[in-house]
Every structure is written in C-alpha cells, then in structure tokens.
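J.: Mind having a look at this structure? Questions to follow.
The values are calculated or read from the model by the stated rules, or taken from the named source; none is laboratory data. All values reported here derive from a predicted model rather than from experimental measurement. Backbone-built Cβ (ideal geometry, glycine too); neighbour counts: all protein chains shown. Remember, those area values only see protein heavy atoms, side chains included, never the ligands or the DNA or RNA. Shrake-Rupley method; radii C 1.70, N 1.55, O 1.52, S 1.80 Å.
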Amino acid sequence: MKLIKGGTVITSTGPIAADVVIEGERIAALVARGYGFSAPSEGPGAVGDTAVETIDATGKYVIPGAVDGHTHMELPFGGTHASDTFDTGTRAAAIGGTTTIIDFAVQRTGEVVQDGLAAWHAKADGNCHIDYGFHMILGGVDDDALKAMDQLVATEGIGSFKLFMAYPGVFYSDDGQILRAMQKARDNGALIMMHAENGPAIDVLVKQALERGETAPIYHGITRPEALEAEATSRAIWLASMAADCPLYIVHLSASKALEQVAAARDAGRNVFAETCPQYLYLTLEDQLGAPGFEGAKWVCSTPLRSKHQNHRADLWKGLRSNDLSVVSTDHCPFCMKDQKELGVGDFSKIPNGIGGVEHRVDLIYQGVVDGKLSLARWVETIATTPARMFGLYPKKGVIAPGSDADVVIYDPNGRTRISVETHHMNMDYSAWEGWEIAGKVDTVISRGDVISAGGEYTGHAGHGRFLSRGLSEYLV
Ligand code: DUC
Ligand code: ZN
Ligand code: ZN
C-alpha cells in the first residue's frame, strides 16, 4: 500500500486537500484532510505500519497521470520513420508525466486493415513503459475496410478511426469515402477523427510555390493557409451531418477560422469535438517556421504553425477555456534534422511533417495556468480527464478516484523545467522548445501503482505498459 500524503489533488472540478491511498495497481481511497480523519491505531495504514510506503506531496499538486490521445511512434511517413520507438517514446512520455498514450495504427492504401493493426501490435508489444491504446488510420475506405471497422470496434478495443482530407496518394480519402466511413461509425458507435485540410488544393499551391522557386520551410505554412483548414473542417462537419450526426473529432486544430466552424457546430448541438496541440498555442509561422536558412524545418508539421499577426493563439486558449476545444494532445511525430528533416533541403514539400513533444505537454499546458489562461481544473481536464472520456478509457484512466488505475503524477508548482535537446529523453537531435524555461516540474510519476520516475531518477522499464482495449467515447450523443 502507498499513501500520497499532504498534497492538493486536482480534479476536473477543482482542487481538494486530500491524501491518496493506493492498493496494488489501483486507487483505493481519497481521504479528505481536515475532516477529523486520523490513521487507525492498528492494521493497514496505522502509524508505524511498515507495509505502507508514504510519499510526501506537501506543497505539491497530485494529478491523474496524463493521457496523450495523439502520438505516432515509428510512423512510416515522408520517406522515413518517426524517430521514437515505442520504447524511447513512452519512456519520454512517462518522464514528462504522461502515463497513457493512444498511438495511430496505420492501414496503408491497398493494405488489409487487420494487417496494419497487427503490425502496430508487433511494434508496441513488450516495448512500452506506460499503458497504450490504438486508434486506426484508414488509408483506403472500401467495403473490406468498412467491415473491418465493425470488427475493430467489437473485438479489438479500437473505437476511433482517423481519416485524411489531405495527402492525396498517401492517406487521402475523398468525400464519398469519408461519408461511407462516417455512416459506418454512426452505426457502430465509433469516433471519426479527421485531419481537416483540403489536400488537393494544397497540392496545387505547393506546386505553384515550387515553380516560383519558393523552397524554404516557411512555404510549408504559406501553402497550407487557414482557409483550407477552415474549409475542410466545415466540410467534415457537414458530411458528418449527412451521416446522421456521426461523432466527429477534429485533430490538431490550429486556425481561428477552423475553430469558428467547430464552435458554431457545437453551439448548434452537434456531435463535434476538437483538439489542439502545444505547438499551436505557443509557436508561430514567423518566429519558428520562418527561422533563417533551413532551421524552420524543425517546425514543419501539419496543420502548420499560424501567423503571429493574427489571433490564432489567443483564440485557441479561449477555445480551451470554453470547451470548444476539448483536448490538448501532442501529435508527437518526431524526426531528427539529420537524415530526416534534411530530406527537404531545397524543397519544403519533402520535409517530413511532424514535431516531437510527448515529454513536454504537461509542463507546457501548466504554463498556461501560470499565465492565467487556464484554471487548474481545466489543465487536468484537457490533458487527462477528457481524453480518457473521449477515447473510452474512463474511469480506468484520467481521474484519481477509488477503483481507477493508480496512474498519478505529483507535480511541483514551485519547480521549474528547462527544455533542451541536452536533457530531453525523446529520440530527436533537436528540441522544438530549445532553451525554454517554464514554471512547474513533474516530481513523481506512478503508473499502475509503481513509482516509475521520482526526483529526476527514472525507474520504469519497457514491458510495464499494457495494451488498453478501449470502449466507446463517452461524449457521443
Ligand atoms: N498528421 C498527423 O496527425 N500527424 C503527423 C502528420 C499529419 O499530417
Ligand atoms: Zn493529421
Ligand atoms: Zn498525428
């Protein structure tokens, strides 16, 4: 038995002064302080009971282990592979306070869905430091893929499918394919996750830019304008309405006008949700993607970073406060500069799209609390509780409550975190946040009752993490 004593437990409804009792892999009890509770004179928890390991959390926050609902370990993409394995990526996640990831298994066009899923299990099995689940990317919606959706929901613990309105010839689905997948999801209760950018139009802009000799990384952002994210977001929402209001979740939303589409749909009572990511809350087209020379390649991701001369970042924070944005995920998709991002020297369209950040989300969003942009409750809700509910993991994950898995982070609000390639644990040869010093620090990380990181020392191991067979989203109407 473990007792986390003296901390302030942060729930999605606010802080409470409570101690947390862990028995084995589960939370056994929350004991409110100040209500006359005292340790029993004998038996478990009695003063002097050596079977109880007490962890002092005085002056610290005690939060549910964070749930990152959007990662890509070892994703084959852009002529290379995302550089974190399930081993390195889940270890980095754990050190940063994330105790569950949901990664995207991939069906490539022409491949059998179940084969893609089996390949993902083979990559992850025995290699994860924390618990993990999968969404399924559908790269080719046809009769077999639609049947496979039923099977994955019914027997494989996978209730969410990502479709792409971008990347013609790679992952792209046309509107007819999207509508069919949405109709299937409406029938079987699955969630459709959408990469909402108008890919065919982007391809035209990219070709024209390259013809003009515009080859630097910043043109990645300029050729993926806000209008084409907003248009695709709107189209996805209308298509979902044509599928009897199929549940729809927009991934990596970055632009104000796309958020307006989501907010309007939600105001109209529609079954539409969205996430954003730390990079869109802090980084910009000009300052990062527009860095001199080839440096901007570090921040090539899709959807792209947006202009600092517009209101995107402030609007995204507001969306998080108002719940028009329900979740913060990382879209962790790391590539090294050497040999990977470098594929796009002289042609921005060949730079692999992705930013690594699975280690830093808890800290970066806590900085939003310090800056007065988010409440403590909303911090926990957007990084842990809502993703658990959205992706069918609640109340096993995402909450500190009796019976839930003992995934707990003790967070030091007085600590500070300095981010650097010298100190991070992700398998990347640069950091997208190099030199940033932010408030707060992950102090102790507990995964299913085991302390896996404490005071800067990592004690977890590959193989501790288990596959999570997920239920359906709780947010579906
Ligand atoms: N979309 C993602 O969700 N991740 C990586 C690249 C992309 O386009
Ligand atoms: Zn995407
Ligand atoms: Zn992604």
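J.: From the list Thr85, Thr90, Thr80, exactly one residue is open to solvent by less than 50 Å² (accessible area, probe 1.4 Å), in contact (Cβ under 8 Å) with a residue 12 or more places away in the chain and within 25 Å of His464 (Cα to Cα). Which is it?
T.: Thr90
J.: Do you know which residues across segment 357-374 are out of contact with any Gly (no Cβ under 8 Å at 6 or more places or on another chain) and assigned to a loop (DSSP other than H, G, I, E, B)?
T.: Answer for segment 357-374, where residues must be out of contact with any Gly (no Cβ under 8 Å at 6 or more places or on another chain) and assigned to a loop (DSSP other than H, G, I, E, B): Gly357, Asp371, Gly372, Lys373.
J.: For the list (1) touching a Cys at 6+ places or on another chain (Cβ under 9 Å); (2) open to solvent by less than 20 Å² (accessible area, probe 1.4 Å), I need the number of the one condition that Lys397 fails.
T.: Of the numbered conditions (1) touching a Cys at 6+ places or on another chain (Cβ under 9 Å); (2) open to solvent by less than 20 Å² (accessible area, probe 1.4 Å), the odd one out for Lys397 is (1).
J.: So if I check each of Leu152, Leu179, Leu146, which one is within 20 Å of Ile101 (Cβ to Cβ) and in a helix (DSSP H, G or I)?
T.: Of the residues listed, the single one that is within 20 Å of Ile101 (Cβ to Cβ) and in a helix (DSSP H, G or I) is Leu152.
J.: Continuing with the same structure: For Gly176, only one of the following conditions fails: (1) of a type outside the set (D, E, K, R); (2) on the phi > 0 side of the Ramachandran plot; (3) open to solvent by 10 Å² or more (accessible area, probe 1.4 Å). What is its number?
T.: (2)
J.: In a helix (DSSP H, G or I), within 16 Å of Met136 (Cβ to Cβ) and touching an Asp or Glu at 6+ places or on another chain (Cβ under 7 Å) - does that describe any residue in segment 185-204?
T.: Within segment 185-204 (the criterion being in a helix (DSSP H, G or I), within 16 Å of Met136 (Cβ to Cβ) and touching an Asp or Glu at 6+ places or on another chain (Cβ under 7 Å)), the answer is yes, since at least one residue qualifies.
J.: Looking only at segment 73-82, filter to residues that are in contact with a helix residue (DSSP H, G or I) (Cβ under 9 Å, 6 or more places away or on another chain) and within 16 Å of ligand 3 (Cβ to nearest atom); which one of those is farthest from Gly456 (Cα to Cα)?
T.: Per the stated criteria, the residue is Gly78.
J.: Scan (1) more than 15 Å from ligand 1 (Cβ to nearest atom); (2) farther than 19 Å from Thr382 by Cβ; (3) of a type outside the set (Asp, Glu) for the single condition Pro247 breaks and write down its number.
T.: Result: Pro247 passes all but (2).
J.: Just one of Gly89, Gly69, Gly116 is farther than 22 Å from Gly449 by Cβ, assigned to a helix (DSSP H, G or I) and under 16 Å from the mean Cα position of the chain (by Cα); which is it?
T.: Gly89
J.: Looking at Ser322, is it within 16 Å of ligand 2 (Cβ to nearest atom) and either open to solvent by less than 40 Å² (accessible area, probe 1.4 Å) or not aromatic (Phe, Trp, Tyr) (or both)?
T.: No, not satisfied.
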